[in-house]
Amino acid sequence: MTAPSASSLAALLPDLGRRTLVMGILNVTPDSFSDGGRFQDLDAAQGQAARLIEEGAALLDIGGESTRPGHTPVPAEEEQARVLPAIRALSPALSVPISIDTYKASTAEAALKAGARIVNDVWGLQREPEIARVAAHHGAPVVVMHNRERVDPSLDIVDEMLAFFERSLAIARRAGIPDRDIVLDPGIGFGKSWEQHLEALRRLAELKALGFPLLVGVSRKSVLGRIHNAATAPADRLYGSIAAHVTAASLGADIVRVHDVRPHVEACQVVDAITRPAARAGA
């Protein structure tokens, strides 16, 4: 049995729960909805990683398969060919942990061996349950995101998420992942109607009551475009992204996943000063 390549969530993110952490997005894909193709080159990926950390990212999320609506799935081999060179190059020098954004067990295994420390699964450990055993074997914390194959506007989306997370948590626990190493993500932009996205954000406190840290990612997503201008390009949705993440942080989100790190760090510092004064005083 190999030695664990990761550490507990508390060791990797010692400020988790004390302040709102910003996760920087690094897509090494040709077709991501906002920055597809920009960071496929290894030099470009390294430069972007350095920028995100300099701007205050507490962790980096590296993905090699777009999960935007209408995306084309890629084989695990192709996904790994995209992410592994970046992880191998970045992990020895980074001051923050890398999470691998994948639902494939084989990609998670390869990424953790290459230096990733956290598994961020957009299918909540349910598309390939073996991924939970991979994470447990490496001692890696997991982000469990809610997702659905089809949108059903008739659902009470929070009840649906609670049932989904109950299944995910059972998978994680059977695999040996401790509760302290699990983060929940409501999956904004995935498998929900526009109204359900807003309802999920509005009712974050009900998810927070489960007792796990929450990660929220609304950065540049189409749900924001529909609010102010559906024709807006993703890269022009910064103000809406900040508003959504500030609201999420004020309702209990512990981590926000973003493309634009510095503006979110500064915005979340204000939220924390107002909503977490005790933690702020102890900083």
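Overview of values
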read-out: Rounded to whole Å, sorted largest first: equivalent-ellipsoid semi-axes of the chain, Cα gyration tensor; value: 24, 22, 21
read-out: Percent carbon-and-sulfur accessible area, the chain, ignoring ligands, DNA and RNA, probe 1.4 Å; value: 53 percent
read-out: Approximate shape of the range 99-146 as ellipsoid semi-axes (Cα gyration tensor, √5λ), whole Å, largest first; value: 14, 10, 9
read-out: Segment Ala44-Thr232, length gained on full extension (0.36 nm per residue, minus Cα span); value: 65.1 nm
read-out: Candidates Val261, Val96, Val218, ranked by Gaussian network fluctuation over the chain, Cα under 10 Å, top entry; value: Val96
read-out: Under the Debye formula (equal points on every Cα, no solvent term), log10 I(q)/I(0) of the range 49-177 at q = 0.09, 0.14, 0.18 Å⁻¹; value: -0.27, -0.64, -0.99
read-out: Kyte-Doolittle mean at least 0.0, axial Cα span of 24 Å or more - DSSP H helices of the chain; value: 157-175
read-out: GNM top mover of Met145, Met23, Met161 - the chain, alpha-carbon springs below 10 Å; value: Met161
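The values are calculated or read from the model by the stated rules, or taken from the named source; none is laboratory data. None of the values given here were measured: they were computed from a predicted structure. Side chains are part of the model used for accessible areas, which takes the heavy atoms of the whole protein and leaves out ligands, DNA and RNA. Shrake-Rupley method; radii C 1.70, N 1.55, O 1.52, S 1.80 Å.
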